[in-house]
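Just below is one structure, and these are the notes that go with it.
The values are calculated or read from the model by the stated rules, or taken from the named source; none is laboratory data. Because the structure is predicted, anything quoted here is derived from the model rather than measured. Cβ coordinates were reconstructed from backbone atoms using ideal geometry, including for glycine residues, and neighbour counts include every protein chain displayed. For the accessible areas, the whole protein counts, side chains as well, though only heavy atoms, and no ligand, DNA or RNA atoms are used. Shrake-Rupley method; radii C 1.70, N 1.55, O 1.52, S 1.80 Å.
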Amino acid sequence: TMGPCVKQFEKEFAEYFSCKDAVMVNSGSTANLLIVSALAEKYKMRGNIIVPAVSWSTTYFPLHQYNFTMNFVDIDKHTLNIDPEKIEASINSETCAIFAVNILGNSCEYRKLQKIADKNNLILIEDNCESLGSISDTQKHTGSIGQFGSFSFFFSHHLQTMEGGMITCKNKEDADFLRSMRAHGWCRDLPENNKIYKKSGDPFIDSFTFILPGYSVRPLEMSGAIGSVQLKKWPEMKDKRLKNARYFQKKFKDLPVITQKEAGESSWFGFSIVLDGKLAGQRDSIVKQLTSIGVECRPIVAGNFMKNPVIEYLSFISTGNYENANYIHDNGFFIGNDIRDLKESIDLVYETIKGFLST
């Protein structure tokens, strides 16, 4: 389990992304879980939290587990991220935070989000699991802007430790709180000078004193070691992703599709394709054809999450008509990016989709 390699990776990660501290966990999903647990247990927050209508399931499930109400806001059809212009109307007296999600490598519009959060006294947190290395319109790395930011190192993500995640923090006290929550809620992993709990100094006692209602979501030492190596390679890997992205943008500009508009500088997790014009309504046929020639496709995250059957278990607020989330739910999909040259693969997808214009 975790040891000096995990600590080293945490330190390197915090330095690279200009964060006060970073805490490694075993997935991006549990990173979100611990962030929400800190809001509830450390900051004693209650009420509803603004979330985008399009995101991954474990953006939402920790909110359910801590009895927060999800306050769904529609997305921008071009950026695929939460629409700042629609947030203000959704805020009420019970709203306590904005959970910004950077979708498919693309930054949210943080100038606007921070202004809204400050005006309404809301905590801003980030789900950055799909967007490591992206630069926001504030010129800061996504994941380093909010009070907390989550990252995922699942094997299909930007940095891969097979399984793993990271939480970035604004201050050491928050990080220490998360370190206790990460491993059973004990005080064993806290430094002597922490502000969470005064240790006795007796290792027999301090090794098994439980101070918070925690979990067991520790990363493996091997994952920390791999993460350090991957981080050193990241600048080169990002350059290759961006090269593929520029080719994709140029290639697809003459088709009736909407491709993701950058807010800042995307790290291009994948390439979203939202069918428009004559192609609208043909998503299932196009996906079937692409799959038949060996091109894997995915929904744009989970589409409009409120259309998933699990919604009946969740407490949520629905305002507005979610026209953009619904549109990408029915007409959107994405294909992968990689650090390999994908020109031939992009050409194949382009020609396949273009063929549907003549049907």
Report task. Would you be able to tell me the number of residues in region 312-338 that are over 19 Å from Lys86 (Cβ atoms) and in a loop (DSSP other than H, G, I, E, B)? Result -> 4
Report summary line: If we keep only residues of region 87-127 that are polar (S, T, N, Q), open to solvent by 40 Å² or more (accessible area, probe 1.4 Å) and outside any helix (DSSP H, G or I), then the residue nearest to Gly165 (Cα to Cα) is Asn121
**Report entry** Unique match (being of a type in the set (A, V, I, L, M, F, W, C), closer than 15 Å to Phe17 by Cα and over 14 Å from the mean Cα position of the chain (by Cα)) among Cys96, Cys187, Cys169
**Finding:** Cys169
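Here's the yes/no breakdown for (1) out of contact with any Phe, Trp or Tyr (no Cβ under 7 Å at 6 or more places or on another chain); (2) free of Cβ contacts under 8 Å to residues at least 12 places away in the same chain:
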residue: Lys195; (1), (2): yes, no
residue: Ile205; (1), (2): yes, yes
residue: Phe210; (1), (2): no, no
residue: Met222; (1), (2): yes, no
residue: Ala225; (1), (2): yes, no
residue: Lys232; (1), (2): yes, yes
residue: Lys238; (1), (2): yes, no
residue: Arg241; (1), (2): no, no
residue: Asp254; (1), (2): yes, yes
Query - Ser285 being surrounded by 14 or more Cβ atoms within 10 Å (Cβ to Cβ) and of a type in the set (Gly, Ala, Ser) - result: no
**Report entry** Sole exception among (1) over 18 Å from the mean Cα position of the chain (by Cα); (2) closer than 24 Å to Leu159 by Cβ for Phe68, by number
**Finding:** (2)
Report summary line: Quick count over region 215-261, residues being in contact with a helix residue (DSSP H, G or I) (Cβ under 7 Å, 6 or more places away or on another chain) and either modelled with pLDDT under 95 or hydroxyl-bearing (Ser, Thr, Tyr) (or both), is 4
Report task. Could you list, in sequence order, all residues of region 293-311 that are open to solvent by 80 Å² or more (accessible area, probe 1.4 Å) and not in a helix (DSSP H, G or I)? Result -> Glu296, Arg298
Query raised in the report: So is Leu342 more than 29 Å from Ile82 (Cβ to Cβ) and aliphatic (A, V, I, L, M) or not?
Result: no
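Conditions (1) open to solvent by 20 Å² or more (accessible area, probe 1.4 Å); (2) part of a loop (DSSP other than H, G, I, E, B); (3) small (Gly, Ala, Ser); (4) in contact with a Pro (Cβ under 9 Å, 6 or more places away or on another chain), marked per residue:
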{"position": "Thr1", "(1), (2), (3), (4)": "yes, yes, no, yes"}
{"position": "Cys5", "(1), (2), (3), (4)": "yes, no, no, no"}
{"position": "Phe9", "(1), (2), (3), (4)": "no, no, no, yes"}
{"position": "Glu15", "(1), (2), (3), (4)": "yes, no, no, no"}
{"position": "Ser29", "(1), (2), (3), (4)": "yes, no, yes, yes"}
{"position": "Ile35", "(1), (2), (3), (4)": "no, no, no, yes"}
{"position": "Thr58", "(1), (2), (3), (4)": "yes, no, no, no"}
{"position": "Phe72", "(1), (2), (3), (4)": "no, no, no, yes"}
Query raised in the report: What residue, among those in region 258-277 that are in a loop (DSSP other than H, G, I, E, B) and within 17 Å of Phe356 (Cβ to Cβ), is least open to solvent (accessible area, probe 1.4 Å)?
Result: Thr259
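Quick grid of which residues meet (1) assigned to a loop (DSSP other than H, G, I, E, B); (2) touching a Ser or Thr at 6+ places or on another chain (Cβ under 9 Å); (3) under 28 Å from Ile98 (Cα atoms); (4) of a type in the set (A, V, I, L, M, F, W, C):
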{"site": "His157", "(1), (2), (3), (4)": "yes, no, yes, no"}
{"site": "Ile167", "(1), (2), (3), (4)": "no, yes, yes, yes"}
{"site": "Leu190", "(1), (2), (3), (4)": "yes, yes, no, yes"}
{"site": "Lys199", "(1), (2), (3), (4)": "yes, yes, no, no"}
